[in-house]
1. Determine, yes or no, whether R23 is modelled with pLDDT of 95 or more, surrounded by 15 or more Cβ atoms within 10 Å (Cβ to Cβ) and assigned to a helix (DSSP H, G or I).
2. Being free of Cβ contacts under 8 Å to residues at least 24 places away in the same chain and out of contact with any Ser or Thr (no Cβ under 9 Å at 6 or more places or on another chain) is the filter here; which residues of the range 28-43 pass it?
3. Looking at the range 41-70, which of its residues are more than 13 Å from G26 (Cα to Cα) and buried (at least 16 other Cβ atoms within 10 Å of the Cβ)?
4. Name the helices (runs of 4 or more DSSP H) wholly inside the range 35-98 in which the number of residues that are among the small types (G, A, S) is 3 or more.
5. Which ones in the range 77-118 are surrounded by 15 or more Cβ atoms within 10 Å (Cβ to Cβ), closer than 30 Å to Q45 by Cβ and touching a Phe, Trp or Tyr at 6+ places or on another chain (Cβ under 9 Å)?
6. State whether one or more residues within the range 92-104 are over 20 Å from the mean Cα position of the chain (by Cα) and at pLDDT below 85.
7. Checking R30 against (1) in a loop (DSSP other than H, G, I, E, B); (2) under 30 Å from S100 (Cβ atoms), which test does it fail?
Amino acid sequence: MCPSLVLYAIAYTVLVAGDDRDRVAGDLLRLARVKAGLTQAVLAQRAGVAQALISAYENGRRQPTLPTLMRLLEAAGFDLRMRLEAPDVQARAAAEWAASRPVGERRRWAREQAAVGSVGDPGHMPLPERRGVVSEAGGRLGDALLPA
């Protein structure tokens, strides 16, 4: 690995939000290529593949095998390292529940959380995870997401 490159760690759940699971490999490849300052053509030449194949991977039209992905990342100067962890079921349930809310409500929540400085505040729980928070419509939020 090139010593001048910084290690980039990305949580798998960040990359696979929603129905984008087919794009994980392409997103990793694009991130590595951009961070290495390479064009698709240069990466393709280093890896010995066609530039169109790099484009197809990055745009989610094709999926590389794991050995191919590892070879492409190495050509960009990166190693692929994975860690297997149990999923955070409560966080996933909260995210799914929040995503099911109307767009206007989600925007209002985002404004409220930004106003109270929730980003980076370790003591803050996102609104959908708070027990007993009442919405403007009078419904209770979050009760189903927390254990009794």
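1. Criteria not met by R23.
2. L31, V34, G37, T39, A41, V42
3. V42, L43, A44, R46, A47, V49
4. Hits in the range 35-98: 40-47, 51-58.
5. F78
6. no
7. Result: R30 fails condition (1) only.
The values are calculated or read from the model by the stated rules, or taken from the named source; none is laboratory data. Keep in mind that what you see is a predicted model, and the values were worked out from it rather than measured. Glycine gets a Cβ as well: all are built from the backbone with ideal geometry, and neighbour counts include every protein chain shown.
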